[in-house]
Amino acid sequence: MKQGLVLDKVVLLGRTLDEYRRSFALDPAAWRGRVVLDVAAGVGSFCAEANALGVRVTAFDAIYDWPAEDIQKRCGPDLDQVVRAMEGLKTYRWGFYESPGKMRVYRERAYRTFLEDYRRQGRERYIAGRLPRLPFADRQFDLTLVSYLMFVYEDQFDYEFHKQSVLELMRVTAGEARIYPLVTFEAKRSQYLDRLQADADLRHIRFEEVQTDFEFLANSNWYLSLRRRD
Ligand SMILES: C[S@@+](CC[C@H](N)C(=O)[O-])C[C@H]1O[C@@H](n2cnc3c(N)ncnc32)[C@H](O)[C@@H]1O
């Protein structure tokens, strides 16, 4: 029987810049003026907040051809669903957020900041589409981030999806791509990680698992760093 969070679909939840900073051990100030892609950015506020700091972030998500009103309608119910489903689970560490109520404050701040920026910046900054295809040029971005889509939703996306996504992320990235977290909602290391690293079609990519000091979902204190070997 499952011990962790059970979700029947990919939910519309968003994290703030502060949470991205911790999850990816990222210093936004060091990326000022650089070109960054946030894949599956959802209703997170990293893109809005980082742009305000001078980092040139583009956000990409399957929902960005929806009107803001339709996205807004999903934010509250999806958040309620997750907060309810988390109650009593042993797969979460509450050191940082302290309680579901305080975590909710972060998530609400993220989606409100996102919605404001989405209404203002529209299609310039928020690009619609679906992995494993990205509508961007080769090596367009210095840094590409993927938070809470790959690995964690292992039940909903197969190995081929992960493999094609890794290839596509590296096609559009000149420097480094980071994927977070490396565990499923059961807090277990994704079964795809070792397979990707052993896949001959990906031998031009160097994989490095990097430890951080941020853990909410248990064992999520690691991200995957991808760089081209050449
Ligand atoms: C849990 S949210 C993560 C949001 C944000 N990255 C974060 O960490 O807070 C997952 C997002 O993935 C998006 N999504 C689902 N399938 C996708 C796909 N194939 N390509 C791009 N985005 C997808 C959903 O629309 C949703 O916004």
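Numbers at a glance
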read-out	value
Potential extension, Val6-Arg120 segment - 0.36 nm per residue separation minus Cα distance	37.6 nm
Cα gyration tensor category, rounded, prolate or oblate, for segment 102-158 with a/c compared to 1.5	oblate
Low-density loop cleavage sites - trypsin sites (Lys or Arg not before Pro) in segment 58-134, where at most 16 other Cβ are within 10 Å (DSSP)	Lys90, Arg93, Arg130, Arg133
Spatial separation of Cα centroids for segment 85-121 and segment 1-33, in angstrom	10 Å
Principal semi-axes in Å for the chain [√(5λ), Cα gyration tensor, largest first]	25, 23, 17
Cα centroid separation, segment 192-216 to segment 165-188 (Å)	8 Å
Neighbourhood net charge (13 Å Cβ-Cβ; Lys/Arg +1, Asp/Glu -1) for Trp222	0
Expected 222 nm ellipticity per residue - DSSP helices of 4 or more, -39500 (n - 2.57), all of the chain, to 500	-11000 deg cm²/dmol
DSSP bridge orientation in segment 34-132 - percent antiparallel, rounded to nearest 5	0 percent
1.4 Å probe accessible area per residue over the chain, in Å²	46 Å²
Test item: Cα-centred dipole of segment 79-230, Lys/Arg +1 and Asp/Glu -1 on Cβ, debye	380 debye
Within straight-line cross-link reach of Lys2, lysines at Cα separation under 18 Å, skipping those fewer than 8 residues along the same chain	Lys90, Lys188
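The values are calculated or read from the model by the stated rules, or taken from the named source; none is laboratory data. Every value quoted in this text rests on a predicted model; they were computed, and no experiment measured them. Please note: Cβ atoms are built from the backbone with ideal geometry, for glycine as well, and neighbour counts cover all protein chains shown. We work out accessible area using only protein heavy atoms, side chains counted, and drop any ligands, DNA or RNA first. Shrake-Rupley method; radii C 1.70, N 1.55, O 1.52, S 1.80 Å.
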